[in-house]
Amino acid sequence: MDWSDSWRGAFRIELRAQAIGLAYRGWPVLPGTYPAGSRWAGGDSADDTAGPSPVHEDWTQRIGATADEVAEWWNGEAFSLLVATGTVLDAIEVDAELGRRTCAVLRSAGQPVPIAATPQGRWLFLTAPGATLSGELARHEDIVLHVVGSWIPLPPTAYQHGIVHWRVRPEVCGWELPAPHVVQDAMMRALPVANELADQ
């Protein structure tokens, strides 16, 4: 990705606008590290993790920041847009194949849910908070439940080779987050199909 100064400046404006909009809706927005070559920059310490992480070490104490505070965070850098999980929302992260299958199950049932996807092919299904993974889903190491103490990147967060994007925008669902069992039940239905494809 070309991270020239002019491109970064324009992108920062978009990130800031999205962050403020989510904060107005009460979502726990956090600034995250951003790509700088093959590294993630902008945090309290150098971090070479696989994705963006909170800029501030005390990020858990910043959950619930006002829209004005969020606006200040994005005043100078093109920070990634992160949302803390465990209070307003949780997220179930799966690979692209299971993500597509689950999305098809939800669509056929007339139950769209907000879904974001990363450039690495990971899909994030947003739900109301407070559940654990059901037994069958919990047995799959590739299925990750983001709850208290975690965060997820949301659009338009940039990675080195692409941008996080919406597969289903929250507006499609009227900004309503589904009960966790709605998504988990759909995943359970999609899982055998995904497993069969992987075995072929």
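The values are calculated or read from the model by the stated rules, or taken from the named source; none is laboratory data. Computed from a prediction, not measured in an experiment: that's the story for all the values here. When we count neighbours, we look across all protein chains shown, and the Cβ atoms used for this are built from the backbone with ideal geometry, even at glycine. Surface areas here come from the heavy atoms of the whole protein model, side chains and all, with no ligands, DNA or RNA. Shrake-Rupley method; radii C 1.70, N 1.55, O 1.52, S 1.80 Å.
Right, residue 126: in contact with a His (Cβ under 9 Å, 6 or more places away or on another chain) and of a type in the set (A, V, I, L, M) or not?
no
Return yes or no: is residue 109 more than 10 Å from the chain's Cα centre (by Cα), among the small types (Gly, Ala, Ser) and within 23 Å of residue 33 (Cβ to Cβ)?
Values: more than 10 Å from the chain's Cα centre (by Cα): yes; among the small types (Gly, Ala, Ser): yes; within 23 Å of residue 33 (Cβ to Cβ): no.
No; evaluated as a whole, the condition is false for this residue.
Under 7 Å by Cβ, and 6 or more places apart or on different chains, what pairs join a residue from the stretch 46-74 that is over 18 Å from residue 12 (Cβ atoms) with one that is at pLDDT 90 or above and open to solvent by 60 Å² or more (accessible area, probe 1.4 Å)?
63/87
Considering (1) charged (D, E, K, R); (2) under 22 Å from residue 74 (Cβ atoms); (3) touching a residue at least 40 places away in the same chain (Cβ under 8 Å), say which one residue 171 fails and leave the rest.
(3)
All but one of (1) open to solvent by less than 30 Å² (accessible area, probe 1.4 Å); (2) farther than 27 Å from residue 24 by Cβ; (3) at pLDDT 95 or above; (4) of a type in the set (Gly, Ala, Ser) hold for residue 91, so report the exception by its number.
Just one mismatch for residue 91, condition (2).
Counting only residues that are closer than 20 Å to residue 34 by Cβ and surrounded by fewer than 19 Cβ atoms within 10 Å (Cβ to Cβ), how many does the stretch 66-81 have?
6
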